[in-house]
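Read through the structure below, which is laid out as structure tokens, and then see the notes.
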């Protein structure tokens, strides 16, 4: 029983760490995307004028 619980905890920890890394990646990507969206909208506004 104990080795099974240990394996489940270890696999859960691995999944949690990989998910945390993925969310960090998504956060940085969304920041870059928002920045480019802002720049693109500014360029479109300048072109409209």
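Checking the structure you have, find out if any residue of the range 36-48 is at negative phi, part of a helix (DSSP H, G or I) and within 15 Å of the chain's Cα centre (by Cα).
no
Test residue 9 against the criterion of being under 21 Å from the mean Cα position of the chain (by Cα) and in a helix (DSSP H, G or I), and give yes or no.
When the stated conditions are applied, residue 9 does not pass them.
Every number here is computed from the coordinates shown, using simple stated rules; none is lab data. Remember, predicted model here, so these are calculated numbers, not experimental data.
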